[in-house]
Every structure is written in structure tokens, then in C-alpha cells.
Amino acid sequence: MAQINSTLWVEAFRPVSVKDMVLPSDFKKFFNKVMKSEEIPNLLLSSPTPGTGKTSIAKAIVHDLRS
């Protein structure tokens, strides 16, 4: 019996860092500024629409701040 890969497709192909994200240039500048200052605002991301990249950018910022 073949082993089933338990990794979700979304997790397997999620961008790892902010530089890997496909974002408008003004958003990318803002997130780079946040990472450079290492001060994260209380309300960084807000959108009622699913699939807009909130979790992806949050995970990318955490990854970049840790490395």
C-alpha cells in the first residue's frame, strides 16, 4: 500500500518568506518596513474574504523575523 502524503497542497506550496510573496509593490514595501523595524502593528491584516493571503503573509513575516 502506498504511503499517503499528509501535507495539504496549500501548505506544501505556501511562500516561505515575504520576498517569495506575490504582492502589490506598496504592500511589499509596507511589510518590508514592518520587518525592518521589528515592530508589528496590532491590526496588521484584516479581510472578511477567505483566500486573500492573510495567513501566508503572517507566516512569512514570522519566518523572516526568526531568521
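The values are calculated or read from the model by the stated rules, or taken from the named source; none is laboratory data. Just so it is clear, the model here is predicted, and its values are computed rather than measured. Glycine also receives a Cβ, built like all others from the backbone with ideal geometry; neighbour counts cover every protein chain displayed.
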* To do: Give the residues of the range 13-44 that are within 14 Å of VAL62 (Cα to Cα) and small (Gly, Ala, Ser), sorted by residue number.
  => SER17, SER37
* Structure fact -> How many residues of the range 1-39 are at negative phi and modelled with pLDDT of 85 or more? The answer is 26
* Give me a count of the residues in the range 33-62 that are surrounded by 15 or more Cβ atoms within 10 Å (Cβ to Cβ) and either without any contact (Cβ under 8 Å) to a residue 24 or more places away in the chain or of a type outside the set (A, V, I, L, M, F, W, C) (or both). => 3
